[in-house]
1. I'd like to know which of ILE83, LEU143, ALA45 lies farthest towards the positive end of the charge dipole of segment 33-165, counting +1 on Cβ of Lys and Arg and -1 on Cβ of Asp and Glu.
2. Determine, from the Cβ-Cβ distance of LEU143 and PHE70 and an R0 of 41 Å, the FRET efficiency 1/(1 + (r/R0)^6), rounded to the nearest 0.05.
3. How far is it, in nm, from the label point at LEU151 to the one at ALA273 when both lie 7 Å from their Cα along the line to the Cβ?
4. On full extension of the chain, what length is gained from LEU266 through VAL87, given 0.36 nm per residue of separation minus the C-alpha to C-alpha distance?
5. Fully extended, how many nm does the chain gain between ASP385 and SER364 (0.36 nm per residue separation, minus their Cα-Cα distance)?
6. Taking neighbour counts of Cβ atoms within 10 Å as a proxy for exposure, in what order, fewest first, do SER163, SER261 appear?
7. Check which residues have an amide H placed less than 5 Å from CYS373's amide H, if you skip close sequence neighbours.
8. So if we plug the beta-carbon distance of LEU294 and LEU254 into 1/(1 + (r/R0)^6) with R0 = 22 Å, what FRET efficiency do we get, rounded to 0.05?
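None of the figures in this text is laboratory data; all of them are computed from the coordinates on show. What you see is a predicted model; the values in this text were computed from it and never measured. Glycine also receives a Cβ, built like all others from the backbone with ideal geometry; neighbour counts cover every protein chain displayed.
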Amino acid sequence: MSTLQRLREWLTTLLILLLPFHALFVTFGTKVLFGQDLPPSVILALWKDVLLAVILGLSILEILGASKKFAVDLLDILVGILILLAVVLGFVLHEARGPFLLGFRYDFLPLVAFLLLRRASWSDAFGARLMKGVPIVAGVIALIALVSFFLPLSVFRALGYSSLHSLYVPNGPLAPYQQIGESMIRRVQGTMSGPNQLGIWLLIPLGMLLSSFVVKRGDEKGDSCSRYLRPPDPNRRIVRAGCIPCLLCLLLFLALLLTFSRAAWLAAAVMTAVAFSRRFSAKKFKRFFVWGGLSVVGVFVIAAVIFPQVVFRLSSTRGHLERPIEAIALMAHHPLGMGLGTAGPASNRFNEPCVFLRPQDDPSWAKSQPSLCVFVGPKQVQPTDHVCSCPFLPENWYLQIGVELGVVGMVLFVVLVVMVLRRLGMNNEQWTMDNGSRNYPLSIIHYPFIFAVFLSFLGISIAALFLHAWEDAAVAYAGWILVAAALPVFGCHKNAEAR
């Protein structure tokens with residue numbers, strides 16, 4: 001392994017392990033350096049982008065110095081067409097530079113990192129470090145989230161958070177937590193910027209823990225090509241997990257529960273079912289699936305009866321139904337797209353913060369924030385001197401891409417996700433990648449790290465049906481970097497020096 005590769009892998013590991021602490025670090029750092037009740041410092045927030053730029057720069061140097069021939073596959077083509085489509089559409093629409101650049105940062109910067117980093121070399125040690133380090137970091141974050149469920153607001157204020165909960169204000173500090181609209185119950189967010197962001201990020205370590213439970217230890221050993229060529233062993237059983245992985249898994253599930261992110265719950269359930277389906281025989285898995293499904297349904301029914309305001313959350317559910325319909329209507333009127341930054345998290349930065357209340361809700365609490373746009377039903381009640389320009393959040397990442405890049409852009413992005421899942425999740429099939437000298441058939445599912453990436457990407461892709469799952473850097477950067485390491489363009493490398 002070259003010094004350049006070793007440095008890049010350690011910096012990448014550092015980036016992935018520190019990303020979930022980003023929101024807490026920037027919030028607390030802003031208070032210490034600049035004062036209370038200020039928006040997150042842009043200078044502090046750029047640390048992750050600077051570190052990513054260094055990693056990409058090292059990968060470019062490594063690629064230029066390698067003797068591998070240039071290769072392009074379907075994943076590269078799909079990403080390239082999406083970027084070209086965004087640039088052409090922005091030029092045709094004469095889109096403003098700010099929304100375009102911010103939209104590009106959310107939609108395409110992780111994909112650019114994916115394109116570059118899948119052309120770099122990745123050692124087994126990189127995957128092994130993350131398989132151990134990410135779940136430990138997740139355990140710490142989950143523990144912080146559980147403790148924060150009981151902390152008073154004064155503690156959050158001391159860390160630099162806002163005095164208002166449940167609100168995103170572009171020119172103010174982060175909210176300390178969110179509350180379920182129909183109750184006073186908190187939704188924990190740990191060290192991250194919101195409960196949904198925490199719930200979705202936890203899918204990454206959850207995938208690693210599930211993979212370590214169901215994939216036999218030792219599958220990752222051997223040279224980097226023979227591990228893929230090993231045929232499946234029908235007699236393999238589920239690995240007995242140690243106390244620490246089980247404790248970490250328990251912490252993760254408790255934190256997931258208290259995020260009250262139903263999209264993350266659904267994604268975690270699907271990931272768990274898929275993971276154990278690969279280890280059980282069809283008969284055993286059918287029994288497990290039936291009894292497990294009945295148990296989940298029973299718990300859901302009991303919870304719905306006892307805590308209907310928590311499970312159903314009518315205002316939130318209504319938004320998850322209405323906003324995708326609005327996005328589809330916009331796509332019908334603008335089938336070629338409206339340009340980057342017109343929907344999703346980027347639109348938050350260039351529009352006013354808006355709160356939508358039910359007709360029976362009392363909006364008087366918002367008078368202390370006169371710049372906050374408040375709607376009761378369809379009527380704007382605050383402020384009264386102008387009509388508010390609200391951000392458009394489709395509550396669906398695929399529809400967000402559709403609003404920004406049109407029907408063609410959404411279809412291309414869906415195809416990209418499906419192709420990534422297909423290549424990561426191949427089990428009985430074998431596929432071939434060129435490593436520059438000869439082809440090796442790969443049966444990927446027998447490598448724990450790649451199976452973990454498959455599970456995590458599957459969970460995030462499911463959550464993206466209901467949320468802007470790729471908006472948070474901790475999810476987007478880590479998710480696509482892991483996919484890049486799991487799906488290299490040049491396949492496996494039989495290189496003695498790299499061992």
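1. LEU143
2. According to the calculation, E is roughly 0.30.
3. My value for the distance between the label points is 3.6 nm.
4. The span from LEU266 to VAL87 would gain 61.0 nm if fully extended.
5. Here the answer is 5.8 nm.
6. SER163, SER261
7. Result for CYS373 returns VAL355.
8. Approximately 0.45, to the nearest 0.05.
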